[in-house]
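Notes follow once the structure below has been shown.
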């Protein structure tokens, strides 16, 4: 099973989750992870080709989004004796610095909550658990950032 998460670049909070079988490609879930108010989308090399997908090209709002997808590391070539700044690697590093927000949430779920393997059979049962785990991870990140006042209005 794979879990695909969409996270906010500013806060790092997960806003959307989808789950698929492990043999599904990452790019097939792209349109389900994008919110209506997103203008820029960052992704790793598993999401290459996302702007050319039919569900994104056919949707008026999704087709206007700027996709900033990391290239595969093997496609970045430089000579061994090159002394200057490798701008391609710098641009990929800058994309990764923003994209790492979603990876941090997976770190919390796996390491701090100890959830490295799925427990149940079936995607639906596991997704129920993942929704709770990622909501808890959002709360952990919120409290670490000192934003607990954001949630006081939600409590009765």
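The values are calculated or read from the model by the stated rules, or taken from the named source; none is laboratory data. On a predicted model such as this, the values are computed, not experimentally measured, just so you know. Positions of Cβ are backbone-derived with ideal geometry, glycine not excepted, and every protein chain shown enters the neighbour counts.
Considering only region 1-14, state which residues are in a strand (DSSP E or B), in contact (Cβ under 8 Å) with a residue 40 or more places away in the chain and closer than 19 Å to residue 65 by Cβ. Answer for region 1-14, where residues must be in a strand (DSSP E or B), in contact (Cβ under 8 Å) with a residue 40 or more places away in the chain and closer than 19 Å to residue 65 by Cβ: 5, 6, 7, 14. For the residues 90, 101, the requirement of being assigned to a helix (DSSP H, G or I) and buried (at least 17 other Cβ atoms within 10 Å of the Cβ) singles out 101.
Among the residues making up region 15-52, those that are in a helix (DSSP H, G or I), in contact with a strand residue (DSSP E or B) (Cβ under 9 Å, 6 or more places away or on another chain) and more than 21 Å from residue 74 (Cβ to Cβ) are 28, 29, 30, 32, 33, 51.
Taking region 97-127 as the range and being touching a strand residue (DSSP E or B) at 6+ places or on another chain (Cβ under 6 Å) and modelled with pLDDT of 90 or more as the test, the residues that pass are 105, 123, 127.
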